[in-house]
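For reference, the structure discussed in these notes is given below.
The values are calculated or read from the model by the stated rules, or taken from the named source; none is laboratory data. Just so you know, these numbers come straight off a predicted model, no measurement behind them. Using ideal geometry, Cβ is built from the backbone for each residue, glycine included, and neighbour counts are taken over all protein chains shown. Surface accessibility is based on the protein's heavy atoms, side chains included, excluding ligands, DNA and RNA. Shrake-Rupley method; radii C 1.70, N 1.55, O 1.52, S 1.80 Å.
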Amino acid sequence: MGHSIPQIQKKHSNFSPIRIVLYVIMIAGGVILIFPIIWMLMTALKGSESLAAYPPQLFPWPVMWRNFIDALKVLPFATFYKNSLIVTISCMIGDVLTSALVAYGFSRFKFYGRDIFFILVLSTMLLPLQVTIVPRFILFRRFGWVDNFWPIIVPAFLGGSGFYIFLLRQFFLGIPNEIADAAKIDGCGPFGIFWRLYLPLSKPALATIAIFSFMYNWNDFFVPLVFLNSKEKYTVQLGLNLFMDQYNVDWSYLMANAIMATLPCFIIFFFAQRFFIQGISMTGVKE
Amino acid sequence: MFSKAKFKENLWGYLFIMPWLIGFILLWGGPVVSSFIISLYRWSILDPPKWLGTKNYERLLTDQLFWQSLKVTGIYIIVVVPGLLFLSLFSAMLLNQKLRGVRLFRTIYYTPVVVSGVVLAVAWLWLLSPDYGFVNYFLRTVFGIEGPRWLNSSFWALPSVIVVSLWRIGTTMVIFLAGLQEIPSQLYEVADIDGAKPLAKFRYITLPMLSPVILFNVFMLIIESFQVFTPVYVMTEGGPHYSTLMYVLYLYNNAFVFLKMGYASALAWVFFMIMLVFSVILLKSSGRWVFYQGGEK
């Protein structure tokens, strides 16, 4: 982080005019960026009277906590949450497990064509998913998987995303070969080394992938939109969109659902921020 | 020739990358090739495909909505990419200062990215609502202006979508922050001794040292912006009067609303070619402005 080098502070650091300006800009930026989310929360807590009030009230009164319960009843949101959880957790397991397997293959073995394959891994990071969506749809339709979770979950079990493979490979390359060689002498096979050595050593990296995967799949809209047709199969994001399309939207309920749809990601983000930030930083800076 | 050890090495290597290899063939490589083949047919999926040759591509040239979607997406990219680049670099430099509470603000600046695209779009739909929305209320009371009808106006809809996208500086900002922290602080100390002004330090130290990270971010932002879909699908459905018809939305509509799989595949292939050409241009030109520590690459 570079905190170790003592800073030479020339002036009294705390109240120079420049610092005051910096504080003002930082706070103003923060207020602007967070405002849509605060406004969403405030709207979610409004009853029909304070919602219609003009001028709009920033703080709702009375506070309608029940909105969070009532909003769930308008559409089968409980089902949407269940679906989102099934899809997201399955994808998370697939992403972590198979991207680790593949990354291990790329970092430990010198097989024929490895470098070309790795370039292909990187190129899938750059290739927009939408370019491939029509053939994917046709393929999965042939399997009879339309309006089913398989088209969303199965790709996660096929190596996850190039980004995860890339990230884990970087991490695995940092594990000294001597450790693996020692295990080999002790009679550990390639899979044993992966399972008993590499995975436990890479917990932070695996946690990063798990978090990325959870956020991505929980928030994804495009792929579920393409593959899921019937309401009973909808994820939370599709449910929100459906709610909004209704004639006469109740904004308080919509915002309450939007807040609840965000909650899992918020909780994970606040508790696991460190992993998250590290993962993102690694992509752009290291090489 | 082919020793046993080498054979085993290959066997294990392929075994471990097998999931990806299958995925690549089924989900990436295969579809890129087969979408070209599909693009030569008229196909609604419900009836058998009919051979068209290059007719889908010829039709693209005269399809006004195709050009409209390219234009809309182009404007969006031209504004959003530099906008996000500037805002996120500025924020990263700000949040890299030794200020009190800076960690909390890093979290706050990041939050709009944690929120899903649908949720952010819904929040803005409400903020921008012409009569009851907060934005127009704010303009009315603070500036005494009657705000436009934002997403319902064919003039203001695209600017609104663009502004909404500028909220998501988080990812780019975090990458910049990491890049800034990699710059050796000795460089700045030497510049201080030489009496360099802050602007000069930015121009001659920060920018060149950060240029690989800038290249990476430009690349990622352009790819992401080209794929923009959720905000327009949720907020405007491409309207009013196609003023927010993004390329991917048009592709989606052709494939899954109009069931024109062949035509949508032609759109996908044009998309693919644009991305390819653009990547090559950006990488070729980067040699001129990207500075790598430790010499030429």
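Whole-Hz ³J(HN,Hα) for each residue in the stretch A:203-212, computed from phi via Karplus 6.51 cos²θ - 1.76 cosθ + 1.60 with θ = phi - 60°, x for glycine and proline: what do you get?
3, x, 5, 5, 4, 4, 4, 4, 5, 4
As a test of reading the structure, rank B:S285, A:S50 by solvent-accessible area (1.4 Å probe, protein chains only), most first.
B:S285, A:S50
A 25 angstrom limit on the alpha carbon distance is what I want to check against. Which of A:K184/B:K4; B:K201/B:K284; B:K50/B:K71; A:K233/B:K71; A:K73/A:K231; A:K110/B:K284 exceed it?
Over 25 Å Cα-Cα: B:K201/B:K284; B:K50/B:K71; A:K233/B:K71; A:K110/B:K284.
Looking at the stretch B:77-112, which residues lose a minimum of 40 Å² of accessible area between their chain alone and all protein chains in place, measuring with a 1.4 Å probe and not counting ligands or nucleic acids?
Listed in order, they are B:L94, B:K98, B:L99, B:R100, B:F105, B:T107, B:I108, B:Y109, B:Y110, B:T111.
Just to be sure I follow the definition: excluding the sites themselves, where is the longest run in chain B that has none of the GluC sites (Glu not before Pro) in a DSSP loop with at most 12 other Cβ atoms within 10 Å?
B:147-295
Can you tell me which of B:I162, B:I193, B:I45 moves the most in a GNM of chain B? Springs connect C-alpha atoms under 10 Å apart.
For chain B, modelled as a Gaussian network with Cα springs under 10 Å, the answer is B:I193.
Per residue, how much accessible area does the stretch B:145-217 have with a 1.4 Å probe, in Å²?
On a per-residue basis, 48 Å².
Hey, what did chain A get for relative contact order, percent, Cα under 8 Å, at least 6 apart?
Worked out over chain A, it gives 29 percent.
Explain nothing, just compute: Karplus ³J(HN,Hα) = 6.51 cos²θ - 1.76 cosθ + 1.60, θ = phi - 60°, for every residue of the stretch B:136-147 in order, whole Hz, x for Gly and Pro.
So the Karplus estimates, Gly and Pro as x, are 5, 4, 4, 4, 5, 7, 7, 10, x, 9, 8, x Hz.
Quick one: helix A:17-44 against the long Cα principal axis of chain A, what's the angle to the nearest 10°, folded into 0 to 90?
For helix A:17-44, the angle is close to 70 degrees.
Could you rank the peptides B:259-266, A:184-191, A:151-158, A:226-233 by their average count of other C-beta atoms within 10 Å per residue, with the highest value first? The partial results should precede the final answer.
Working: B:259-266: 24.8, A:184-191: 12.2, A:151-158: 21.4, A:226-233: 15.8.
Order by mean packing, descending: B:259-266, A:151-158, A:226-233, A:184-191.
From Cα pairs below 8 angstrom and at least 6 apart in sequence, can you work out the relative contact order of chain B, rounded to a whole percent?
Relative contact order here is 28 percent.
Using Cα centres only, tell me the gap between the stretch A:95-170 and the stretch B:235-297 in whole Å.
20
Using only protein heavy atoms and a 1.4 Å probe, report how much of B:M93 is accessible, in Å² to the nearest 10.
Accessible area, nearest 10 Å²: 60 Å².
Please report the spacing between the Cα centers of the stretch A:208-224 and the stretch B:71-140 in Å, no decimals.
21
So how exposed is B:Y57, as accessible area in Å² (1.4 Å probe, rounded to 10)?
60
Based on alpha-carbon centroids, what's the gap between the stretch A:233-254 and the stretch B:169-213 in Å, whole number please?
With the stretch A:233-254 and the stretch B:169-213 each reduced to a Cα centre, they are spaced 45 Å.
With Cβ to Cβ distances under 15 Å as the rule, what net charge do the other residues near B:Y132 carry (K, R +1; D, E -1)?
Residues near B:Y132 contribute -1 overall.
Give me the net charge for the shell around A:K203: Cβ to Cβ below 15 angstrom, other residues only, Lys and Arg +1, Asp and Glu -1. Could the numbers behind the result be given before it?
Details: positive: A:R196, A:R274; negative: none.
My count for the surroundings of A:K203 gives +2.
Would you please give the residues with an amide H less than 5 Å from that of B:Y41, counting only those at least 5 places away or on a separate chain, with H modeled from the backbone geometry?
Here B:L52 satisfy the definition.
Can you work out the accessible area per residue across the stretch B:61-110, with the rest of the protein chains kept in place, probe 1.4 Å, in square angstrom?
51
Order A:T262, B:T54 by their accessible area, 1.4 angstrom probe, all chains in place, largest first. Write down the numbers at each step before the final one.
On the way: A:T262 10, B:T54 80 Å².
Sorted by accessible area, descending: B:T54, A:T262.
Accessible area of B:D131, 1.4 Å probe, to the nearest 10 Å²?
Estimated to the nearest 10 Å², B:D131 gives 90 Å².
Using a 1.4 Å probe on the protein heavy atoms, what percent of the accessible area of the stretch A:69-281 belongs to carbon and sulfur?
Here carbon and sulfur together make up 66 percent of the probe-accessible area.
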